[in-house]
Amino acid sequence: MDTQFQTSGTPSREEISAEVQAFLAEQEQKTLLRFLTCGSVDDGKSTLIGRLLFDTKLIYEDQLAVLERDSRKHGTVGDDFDLALLVDGLEAEREQGITIDVAYRFFSTPKRKFIVADTPGHEQYTRNMATGASTADLAIVLIDARRGVLPQTRRHSFIASLLGIRNIVVAVNKIDLVDHSQKVFDTITADYHAFAKDLGFESVQAIPMSARFGDNVSTRSNKLAWFDGPTLIEHLESVPVDEGLAEKPLRFPVQYVSRPNLDFRGFSGTIASGRVSQGDPIVVAKSGKPSTVARIVTQDGDLASASAGQAVTLVLADEIEVSRGNMLVAPDTRPEVAEQFEASLVWFDEKPMMPGRSYLLRTETDQTPASITALKHRVDVNSFAHEAANSLDLNEVGVVNLSTQEPLVFDPYAQNRVTGAFVLIDRLTNATVGAGMINHGLRRASNVHWQSLDVNKPARAEQKHQKPVVLWFTGLSGSGKSTIANLLEKRLFADGRHTYTLDGDNLRHGLNRDLGFTEESRVENIRRVGEVSKLMVDAGLIVLVSFISPFIAERRMARALVEEHEFVEVFVDTPFEVCAARDPKGLYAKALRGEIKNFTGVDSPYEPPESPEIHLQTVGRSVEDMTDEIEDWLKQRGYI
Amino acid sequence: MSMTHLQRLEAEAIHIFREVAATFTKPVMLYSVGKDSSVMLHLAMKAFYPAKPPFPFLHVDSHWKFGEMIAFRDQMAEELGFDLIVHKNMEGVRDGVGPFTHGSNAHTHLMKTMALREALDLHGFDAAFGGARRDEEKSRAKERIFSFRNAQQAWDPKNQRPEMWKIFNTRIAQGESIRVFPISNWTELDVWQYILQEGIPIVPLYFAAKRPVVARDGMLIMKDDDRMELRDGEVLEERLVRFRTLGCYPLTGAVESSADTLEGIVRETLVARTSEREGRAIDHDESGSMEKKKREGYF
């Protein structure tokens, strides 16, 4: 029982202090339960929460005065106070008599403190329910005794299950309107158990009640004497909900790197699971680098140890690279580090989810571009059946495969609600468009922990999901080299490849500004292009070089700079007559008039490649067709 | 070792402070000098220890704050060494805007709402911390912890981003901003309990003392300076009073109380039968008034 305060007489300071200290000591004993209420329109959710606040004395007299006035203006229950008006906060809601956004309420009893998420029942507002469920330990599913189990009841129970809620209260409300009938209650309870049996709930407690009159909310009712279970409050006070996060392996997502001066480098974050002590070995999840916890820093002094839920700053014994989005973890039980995984996804946006589209994926501290590579199936939330689908609409749920640009550190959501969750963000509007719960990693990704790696060519290439290569386009001026290279680069880029095009124009204006058109200069020109290509290949890029490069020797020199298979010669073979007739820049005309010296094909030779990897005879073929050919060639040989 | 309720709230708030520092380029904390701001300041110091909070503290001075608030503010900035920015709507000051002459609505709009918007625009802050709590008022119960504001700094309650787990969508476009409420999930009792537990300094106005007050419009208004003139029939009395909430002195009612210790205040809160914002004039006109102000950019 909570301390009772004297309300008469004038207590002394000592008495006040003693009373308050006793009260605070009691508060410290209380555990916290976060729950949400869900159900369909008019089931009486807001009334139930108003009733909980009212019965636990959280409603103040001045709020009651406002309530009395508002009840006359908007009330739906005649002369009584409309308890729902206490919690329906926004004007639009009060006018329409519905709850349109999730709201959080606070109350406490002598045993527990409660945070309630009041979530809307309207079908189109499912995203708000998922929001409330993401932080809840328990869900109260309201059912109107007159209407029984509805499609929304199933939907909400399914979402609660999907978001990892393991404790359900089935509140059969408005039991007064069915004459407090046990038969009605039993039928609804049986219906509920029948469809919820596969949803993985640990406890399902059905309670008949009338939120409006308070029956079985905090007090028992004679009219429901046939019911021998707990009241709602009794159940909420006693249901065990500890997720045991502290007993799980250490997961410390690095949120913020603190570097106030040269002598201090700390990693701030909230421990997602497990515990950590001074001297504990840890590894950096993404790099696999090991270290030891040197200090656990807080403003209240260093801690010997800390556990799940605490916000601390860790100092490591070694100077190793760790940035936001990485995770410090237990060396023996590591999380998965992968770029591809399967997840359940709830879609929140008006614009449907499209496989292949790029979104930003965000976990508690990490962020990376990601796309859905496959929609495996959609889940019918009424029958829970799996259906084939091409996209997910607003409020739909599906199972998808995702691919991220950077490796992600995670645990399956079923094992850890903190490290297994993510949201998807639209890159253009910044709207939060979906929420995901990771099931497991895919393919090579799973259970292969990243060993400490040097950053080198294979590592960079791996990061970009491609084999770096130089695509060397050679051919006469006007043969179509740049046109084909441009289209190819556009396509590769759209595909998420990392590319760069080098051509005469962008090099002649800068790097090669000092070179003229003597033979010596032309050789130097090609040497520089070759060297730049080599650096870009080392950086992991696909490099498209578009140069006339008429001499076999020069092309051989460029080829020799990179490794075998990193140089692909593309001969854009267009006859002189065709090029001279096209003459897009008017150069042939000038050369033929003798105004340009050393012009390839006119007064300087072009040496055709002897055995190019790709030989495009352009006459009669479209640019698209030839670009296709190059793409196919690259795919067949595993470059892309 | 399981955490107490206050430890959990503290950890949540620290997490939010760090998240903003890690993801925004120019955050600011709105420092109103009240008890919630004192708690916020304390949490911000904890979140970045041993570093100082990596953002400035902005006080929007309506020109009608209690004198003791200003003195306390300057003292805290001096002691803790944080970067304090004070902003006033100077046009309003020049025009002599005040609650006595312009009424509470016009004063609040010009000297608080507009001044705040002006200050945020002037400095180009992309995230602003506020000390609002969900238990304070009905429309606040529905606001997110990371609350999106469009380029006009307006709040659209029907188009809020879903806030899942502790994963916050901190992405904004040019000109847009986010208001962040790290103590959203605290109740008034939690705030007092925390102040007591941590020994957090607060403005002395919260403690009962003999103060010169006038009964006006159902409230006890303290005559804080000469700008307040007595109306016919009004009497200035020395009464033992304290304030449950602080703001502009002409708009903030005192309550009669003998609670002159933190424990006394906590005890009084526990037996209180009147909710906190009752002492503030701005919520009274109609019950949706806070929501209207928020849509316009009020904190």
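Can you name the residue in the range B:172-194 that is aliphatic (A, V, I, L, M) and surrounded by 20 or more Cβ atoms within 10 Å (Cβ to Cβ) and, of all such residues, is farthest from the other protein chains (Cβ to nearest Cβ)?
Filtering first and then ranking leaves B:180.
Go through (1) touching a Leu at 6+ places or on another chain (Cβ under 9 Å); (2) under 23 Å from residue A:284 (Cβ atoms); (3) not in a loop (DSSP other than H, G, I, E, B) for residue A:409 and report which single condition fails.
Exception for residue A:409: condition (1).
If residue B:147 satisfies every condition in (1) touching a His at 6+ places or on another chain (Cβ under 8 Å); (2) more than 8 Å from chain A (Cβ to nearest Cβ); (3) farther than 26 Å from residue B:253 by Cα but one, which is the exception?
The one condition residue B:147 does not meet is (1).
Do you know which of the residues in the range B:208-264 that are touching a residue at least 60 places away in the same chain (Cβ under 8 Å), part of a loop (DSSP other than H, G, I, E, B) and charged (D, E, K, R) is nearest to residue B:97 (Cα to Cα)?
B:227
In the set A:537, A:543, A:523, A:529, which member is of a type in the set (Val, Ile, Thr) and either surrounded by fewer than 13 Cβ atoms within 10 Å (Cβ to Cβ) or farther than 24 Å from residue A:631 by Cβ (or both)?
A:523
Of A:288, A:279, which residue is more than 14 Å from chain B (Cβ to nearest Cβ), surrounded by fewer than 20 Cβ atoms within 10 Å (Cβ to Cβ), over 25 Å from the mean Cα position of the chain (by Cα) and part of a loop (DSSP other than H, G, I, E, B)?
None of the others qualify; the one that does is A:279.
If you take just the helices (runs of 4 or more DSSP H) that sit entirely in the range A:531-640, which of them hold at least 2 residues that are of a type in the set (S, T, N, Q) and within 20 Å of residue A:472 (Cα to Cα)?
So the answer is A:623-636.
Among (1) more than 9 Å from every other protein chain (Cβ to nearest Cβ); (2) under 30 Å from residue B:264 (Cα atoms); (3) not in a loop (DSSP other than H, G, I, E, B), which single condition is residue B:197 missing?
If we test residue B:197 against (1) more than 9 Å from every other protein chain (Cβ to nearest Cβ); (2) under 30 Å from residue B:264 (Cα atoms); (3) not in a loop (DSSP other than H, G, I, E, B), just (1) comes out false.
Do you know which residues across the range A:350-374 are of a type in the set (Lys, Arg), within 15 Å of the chain's Cα centre (by Cα) and assigned to a loop (DSSP other than H, G, I, E, B)?
A:357 - this is the single residue of the range A:350-374 that is of a type in the set (Lys, Arg), within 15 Å of the chain's Cα centre (by Cα) and assigned to a loop (DSSP other than H, G, I, E, B).
Which residue is surrounded by the most Cβ atoms within 10 Å (Cβ to Cβ), if the candidates are limited to the range A:346-385 and must be closer than 18 Å to residue A:160 by Cβ and out of contact with any Asp or Glu (no Cβ under 9 Å at 6 or more places or on another chain)? Show your work before the answer.
Of all residues in the range A:346-385, those closer than 18 Å to residue A:160 by Cβ come to A:346-348, A:379-384.
Now restrict to residues that are out of contact with any Asp or Glu (no Cβ under 9 Å at 6 or more places or on another chain): A:348, A:382-383.
Numbers: A:348: 25, A:382: 14, A:383: 11.
Ranking the candidates gives A:348 first.
Quick check on the range A:187-200. Is at least one of its residues more than 27 Å from residue A:415 (Cβ to Cβ), buried (at least 17 other Cβ atoms within 10 Å of the Cβ), in contact with a helix residue (DSSP H, G or I) (Cβ under 7 Å, 6 or more places away or on another chain) and at pLDDT 95 or above?
Scanning the range A:187-200 turns up no residue that is more than 27 Å from residue A:415 (Cβ to Cβ), buried (at least 17 other Cβ atoms within 10 Å of the Cβ), in contact with a helix residue (DSSP H, G or I) (Cβ under 7 Å, 6 or more places away or on another chain) and at pLDDT 95 or above.
Can you name the helices (runs of 4 or more DSSP H) wholly within the range B:18-129 that have at least 1 residues being basic (Lys, Arg)?
Ranges flagged: B:35-48, B:67-80, B:90-94, B:115-123.
In the range A:596-607, is there at least one residue being assigned by TED's automatic domain parsing to the domain that holds residue A:478, farther than 30 Å from residue A:518 by Cβ and aliphatic (A, V, I, L, M)?
no
Would the range B:72-90 turn up any residue that is more than 30 Å from residue B:164 (Cα to Cα), surrounded by fewer than 22 Cβ atoms within 10 Å (Cβ to Cβ) and of a type in the set (Val, Ile, Thr)? It would help to see each step written out before you state the result.
The initial filter retains those residues of the range B:72-90 that are more than 30 Å from residue B:164 (Cα to Cα), namely B:72-90.
Pick out the ones that are also surrounded by fewer than 22 Cβ atoms within 10 Å (Cβ to Cβ) and you get B:72-88, B:90.
Checking which are of a type in the set (Val, Ile, Thr) leaves us with B:85-86.
Yes; the residues of the range B:72-90 include at least one that is more than 30 Å from residue B:164 (Cα to Cα), surrounded by fewer than 22 Cβ atoms within 10 Å (Cβ to Cβ) and of a type in the set (Val, Ile, Thr).
From the residues in the range A:608-640 that are at pLDDT below 90 and of a type in the set (D, E, K, R), which one is nearest to residue A:555 (Cα to Cα)?
Looking at the filtered set, the residue picked out is A:610.
Of all residues in the range A:244-268, which are of a type in the set (A, V, I, L, M) and facing another protein chain (nearest Cβ under 8 Å)?
Listed by number, the list holds a single entry, A:246.
Can you name the residue in the range A:169-211 that is part of a loop (DSSP other than H, G, I, E, B) and over 40 Å from the mean Cα position of the chain (by Cα) and, of all such residues, is farthest from residue A:47 (Cα to Cα)?
By that ranking, first place goes to A:181.
Need the failing condition index for residue A:329 against (1) surrounded by 21 or more Cβ atoms within 10 Å (Cβ to Cβ); (2) among the β-branched types (Val, Ile, Thr); (3) under 15 Å from the mean Cα position of the chain (by Cα), just the number.
That leaves (3) as the condition not met.
The values are calculated or read from the model by the stated rules, or taken from the named source; none is laboratory data. Everything quoted here is computed from the prediction, not taken from an experiment. Every residue, glycine as well, gets a Cβ built from its backbone with ideal geometry; the counts of neighbours run over all protein chains shown.
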